[in-house]
Every structure is written in structure tokens, then in C-alpha cells.
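The structure under discussion appears below in the form of C-alpha cells.
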Amino acid sequence: MFDSSDYPQALDEALFESWLEEGRAMKIPYQYMVIIWNVMEEVYQPAYVQDRDALSEFERYPTNTGQEGLVAVFNLYSESRVTLP
């Protein structure tokens with residue numbers, strides 16, 4: 001997953017699937033999973049969000065020149081990719 005020149009490295013499909021399962025299994029009712037690239041550690045990391053309004057916190061990531069960058073947002077249940085405004 002994310003195996004193109006647009007991304008720093010590929011994300012293992014099995015790891016991605018485990019993150020989806022982990023988000024669905026949490027007691028807090030999360031709806032979305034955000035994939036973040038950690039520049040310093042050179043790894044993808046998940047973040048879980050309860051509702052679409054809370055996704056606004058991640059809108060700054062694409063232009064962030066710091067340690068993290070937004071890669072993608074997925075609905076935990078439909079597994080479809082979500083586009084931020």
C-alpha cells in the first residue's frame with residue numbers, strides 16, 4: 001500500500017489491516033483512521049478519530065514541515081478513503 005513515488009516507502013497491507021481491526025475493536029467509537037508518516041522514525045503511524053469534525057485537526061499536516069505528514073484518511077467500517085476539504 002502507498003507503493004509509489006508519492007510516498008516515502010510502502011506500507012505493509014497486513015499491518016494496515018491490523019490497524020483497521022484495532023480501531024474497530026476499541027471501546028471508544030472511532031469512525032476514522034488517519035495514516036501519518038513520521039519523518040524522524042521513517043514509519044507510518046495510525047491515529048484514530050471519532051467524527052468528521054475532529055479530522056480538521058489533521059488538515060494542517062499536508063503542509064507541515066515538521067516531524068509528521070498526513071498520508072491518508074480511511075473510514076474504519078467501509079474502508080474507503082476519505083478526502084479532506
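What the table shows:
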item	result
Residue within region 66-77 that is in a loop (DSSP other than H, G, I, E, B), at pLDDT 95 or above, open to solvent by less than 90 Å² (accessible area, probe 1.4 Å) and more than 24 Å from Q9 (Cβ to Cβ) present	no
In region 20-56, residue nearest to M1 (Cα to Cα) [restricted to those that are among the hydrophobic types (A, V, I, L, M, F, W, C) and assigned to a loop (DSSP other than H, G, I, E, B)]	V39
Selection within region 2-48 - of a type in the set (V, I, T) and touching a Gly at 6+ places or on another chain (Cβ under 9 Å)	I36, V39
Options E17, E21, E57: the member that is modelled with pLDDT of 90 or more, open to solvent by 80 Å² or more (accessible area, probe 1.4 Å) and out of contact with any helix residue (DSSP H, G or I) (no Cβ under 6 Å at 6 or more places or on another chain)	E21
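The values are calculated or read from the model by the stated rules, or taken from the named source; none is laboratory data. Worth saying up front: this structure is predicted, and the values here are computed from it rather than measured. Neighbour counts are summed over all protein chains in view; Cβ atoms, including those assigned to glycine, are modelled from backbone coordinates with ideal geometry. These accessible areas exclude ligands, DNA and RNA; they are computed on the full protein's heavy atoms, side chains included. Shrake-Rupley method; radii C 1.70, N 1.55, O 1.52, S 1.80 Å.
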